[in-house]
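A quick write-up on the structure given underneath.
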Amino acid sequence: MIIIQNSKLRHFLKKIIPVVGFPAFVLMGSTMLNEKYHLAISFLGALTALLLFVTDFEKKKTGTRRIVVVSVMTAMCFIGRFLPVLMPMTAFITLTGVYIGSESGFLVGALSAVLSNFYFGQGPWTIFQMLAWGMIGYIAGILANPLKRNLILLMVYGAVAGILYSFIMDIWTVLWYNKGMDWNLYRNALITAIPYTVSYAVSGILFLGLLAKPFGEKLERIKIKYGI
Amino acid sequence: MQTIEELHPISITIYFMAVMGIAMFSTNPIMMGLSMTGAILYFLTRNGKGHFKMHLSFVILFTVLALMNPLVSHNGITVLFVVNDNPITLEAFLYGLNSATMIISILYWLRLFSMIMTSEKILCVFGAISPKIALVLSMSLRFVPLFQNQAKKVNDSQKAVGYFQSDNIIDSIHQKMRVFDIVLTWALENGIITANSMEARGYSVGKRSHFSIHPIRKNDIILMLITCILSGVCISAMAWGKMTFLFYPEITAPETDLFAVGGMIGYGILVLLPSIIQKGTEKQWNYLQSKI
């Protein structure tokens, strides 16, 4: 894919794109352009973010064991999405991010969105789901140390992640329907989505509370024993 | 002659992305109509009759989406009637109709896309972008049935040992947790064994490439060229603002000139292409059969 030979330039770009380039792109898009371009901008932004991550992952040397563990966790998330009311995916992704690392957390989130949508239906929303779930895993990886120590904090993180996921996906619903942002529509979308939001938050708390200890122990053990 | 779905996955993906992308970012009602017609025609020529439930659900969704906008948005100058001090305007109603057409037509295209692109073809496309991601995805696809089988085995053996009663809710939750615990441990260990076995066979020694059974043929290149040219005409007409169609505050259509008409005709040909090819191959097949 995209190959930049000069390593200094590459490091510079790696720092500058997420910190300066991306927010600038989004701000410019939201203020300077006509509101009917909001959909296009959000779509392109999400797509570039994913592509940047994928190219980085492709170039890096990742251990075989790590790759296999990521695909095991992705399969677990896929199976978890079939539960009727509750959504254990957020909990699984968070735990992967906390115990294996932020990059693996992002990958598990993003890929389980692609994989489960083979069954639930692929669409333009796949990209936003990939980004939203991926970010849940990535941020969990960044906050790994405090989250590992404090179970309550972990449960709060699960609830907040579930609610934010629902909010982000509703932004996308409004943008898709209306091309530009419309706060009235957004409020209505949020109100109709209340049962889902509650179920995401509750399942975040429930599954993280139930699974954090056994799941964490297992991932920790695998990590220490086999050196992932 | 090949139908669209017998072509290379990448050219199929490019075709669908172009069609859906233009439909998604355009606001022109004529374009929406073209997209809807093309999608439904292709769906009917490809799948024939049937799929009644799906059509019904799309009709219901269409009605809900079309009626949602005038109830929520009160922009526009032509007031039809007033409900609870909220004016219902003609513009908002037409805008909702337009959006609903766009969404339903894209849902039809997506249904076709997922019917044509089986998971193996999607993996081929992912493999072209990133072989590593394709590897992770294909491994996960294999793990899903593996874990389900293992969970069933563990569950049966736990029951056979006599650990749990089946008429007690608390007990059954305990049982599910226990089975999940066992399967997770097994899955992670099994994954490590898989990784060891992969390494023993030389994974990570060379650069990873990907295997594909789909060759790129002449027809693939023709389809890609047609897609690029037609969508290029259409997108440039859109970018020049020849197709902007404003609903608020008043419906204003742009003056149609040759450029806009060209873009619309281009998009029309693009969306009707798969159904024409499909019908053509069917005719050819019948013709060849009648000769025998």
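The values are calculated or read from the model by the stated rules, or taken from the named source; none is laboratory data. For clarity, every value in this text was computed on a predicted model and none was experimentally measured. In this analysis, Cβ positions are derived from the backbone assuming ideal geometry, glycine residues included, and neighbour counts consider all displayed protein chains. What goes into the accessible areas is simple: the full protein's heavy atoms, side chains included, and nothing from ligands, DNA or RNA. Shrake-Rupley method; radii C 1.70, N 1.55, O 1.52, S 1.80 Å.
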- For the pair A:Leu153 and A:Ile41, the simple spin-label estimate (label points 7 Å beyond Cα toward Cβ) gives in nm 3.5 nm
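Only helices at least 18 Å long along their axis, Cα-based, and averaging -0.5 or more on Kyte-Doolittle count here, so list those DSSP H runs from chain A. Before the final figure, lay out the partial values.
Details: long enough: A:38-59 (32 Å, 1.30); A:64-80 (24 Å, 1.48); A:102-120 (26 Å, 1.03); A:125-142 (25 Å, 1.31); A:151-178 (41 Å, 1.60); A:194-226 (43 Å, 0.51).
Helices meeting the criterion: A:38-59, A:64-80, A:102-120, A:125-142, A:151-178, A:194-226.
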- Note on the structure: Computed on Cα atoms, the radius of gyration and Dmax of segment A:81-179 in angstrom are 13.6, 44
- Starting at 0 and stepping by 10 Å, how many percent of the alpha carbon pairs of segment B:132-200 end up in each bin? 18, 41, 24, 13, 3
- Query: Can you give the Rg and Dmax of chain B based on its C-alpha atoms, in angstrom?
  - Reply: 26.4, 79
- Item | Long pairs among A:Lys59/A:Lys179; A:Lys225/B:Lys159; A:Lys8/B:Lys207; A:Lys8/A:Lys148; A:Lys223/B:Lys121, criterion Cα-Cα beyond 26 Å | A:Lys59/A:Lys179; A:Lys225/B:Lys159; A:Lys8/A:Lys148; A:Lys223/B:Lys121
- Difference of contour (0.36 nm per residue) and Cα-Cα distance, B:Tyr248 to B:Thr185: 16.8 nm
- Message: Please report the accessible area of A:Met155 (heavy atoms, 1.4 Å probe, ligands and nucleic acids excluded) in Å², nearest 10.
- Response: 50 Å²
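Not counting the cut sites, what is the longest span of chain B without GluC sites (Glu not before Pro) that DSSP labels loop and that have at most 12 other Cβ atoms within 10 Å? Intermediate results must be reported in sequence, preceding the final value.
Working: sites that count: B:Glu250, B:Glu255.
It works out to B:1-249.
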- Let me see the pair-distance distribution of segment B:1-160: every alpha carbon pair, 5 Å bin width, integer percents in order. 1, 8, 12, 13, 13, 11, 11, 10, 7, 5, 4, 3, 1, 0, 0
- Message: Between B:Ser290 and B:Gln2, what is 0.36 nm times their sequence separation minus the Cα-Cα distance? Round to one decimal in nm.
- Response: 101.7 nm
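May I ask you to derive the FRET efficiency for B:Asn47 and B:Ile269 from their Cβ-Cβ distance with R0 = 22 Å, giving the value to the nearest 0.05?
Numbers: r = 22 Å, r/R0 = 1.01.
For B:Asn47 and B:Ile269, the calculated efficiency is 0.50.
Which trypsin sites (Lys or Arg not before Pro) in segment B:156-222 sit in a loop by DSSP (not H, G, I, E or B) and have at most 10 other Cβ atoms within 10 Å of their own Cβ?
Values: sites: B:Lys159, B:Lys176, B:Arg178, B:Arg201, B:Lys207, B:Arg208, B:Arg217, B:Lys218; in loops: B:Arg201, B:Lys207, B:Arg208, B:Arg217.
In loop regions of segment B:156-222 (DSSP not H, G, I, E or B), the sparsely surrounded trypsin sites (Lys or Arg not before Pro) are B:Arg201, B:Lys207.
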- Query: On a 0 to 90 degree scale, rounded to 10, what angle separates helix B:9-25 from the longest Cα axis of chain B?
  - Reply: 50 degrees
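Given the DSSP H assignment, sum -39500 (n - 2.57) over each helix run of at least 4 residues in chain A and divide by its residue total; what's the result at 222 nm in deg cm²/dmol, nearest 500?
Numbers: 11 runs with 185 residues, N = 228.
Helix contribution divided over all residues of chain A: -27000 deg cm²/dmol.
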- Query: So what's the angle, to the nearest 10 degrees on a 0 to 90 scale, between helix B:119-129 and the longest Cα principal axis of chain B?
  - Reply: 80 degrees
- For A:Phe43, tell me the accessible area in Å² from a 1.4 Å probe, rounded to the nearest 10. 40 Å²
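What size of dipole, in debye to the nearest 20, comes out for segment B:241-292 about its Cα centre when the only charges are +1 on Lys and Arg C-beta atoms and -1 on Asp and Glu C-beta atoms?
It comes to approximately 460 debye.
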- Query: Which angle between 0 and 90 degrees, to the nearest 10, do you get for helix B:218-239 versus the longest principal axis of chain B when only C-alpha atoms count?
  - Reply: 50 degrees
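Report, in deg cm²/dmol and to the nearest 500, the calculated mean residue ellipticity at 222 nm for chain B, where each DSSP H run with n ≥ 4 adds -39500 (n - 2.57) and the sum is divided by the residue count. Walk me through the numbers before you get to the answer.
Numbers: 9 runs with 214 residues, N = 292.
Mean residue ellipticity, 222 nm, calculated: -26000 deg cm²/dmol.
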- Message: Could you identify which residue out of B:Tyr15, B:Tyr95, B:Tyr248 has the top mean-square fluctuation in a GNM of chain B using Cα springs shorter than 10 Å?
- Response: B:Tyr248
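Dividing the Cα radius of gyration by the Kirkwood radius, what Rg/Rh value follows for chain A?
0.98
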- Task: In a Gaussian network model over chain A where Cα atoms closer than 10 Å are linked, find which of A:Lys213, A:Lys61, A:Lys148 has the largest mean-square fluctuation.
- Result: A:Lys61
- Task: For chain A, set up a Gaussian network in which alpha carbons nearer than 10 Å are linked by springs, and say which option among A:Tyr196, A:Tyr165, A:Tyr99 fluctuates the most.
- Result: A:Tyr196
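Tell me, what does the Kirkwood hydrodynamic radius of the protein assembly as shown come to in angstroms if you use every pair of distinct C-alpha atoms?
Working: mean 1/r = 0.0391 Å⁻¹.
Roughly 25.6 Å, rounded to one decimal.
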- Query: For segment B:2-60, what log10 I(q)/I(0) values come out of the Debye formula at q = 0.18, 0.20, 0.23 1/Å, with one point per alpha carbon and no solvent?
  - Reply: -0.82, -0.96, -1.10
- Nearest-0.05 FRET efficiency for B:His214 and A:Leu51, computed from C-beta distance (R0 30 Å): 0.85
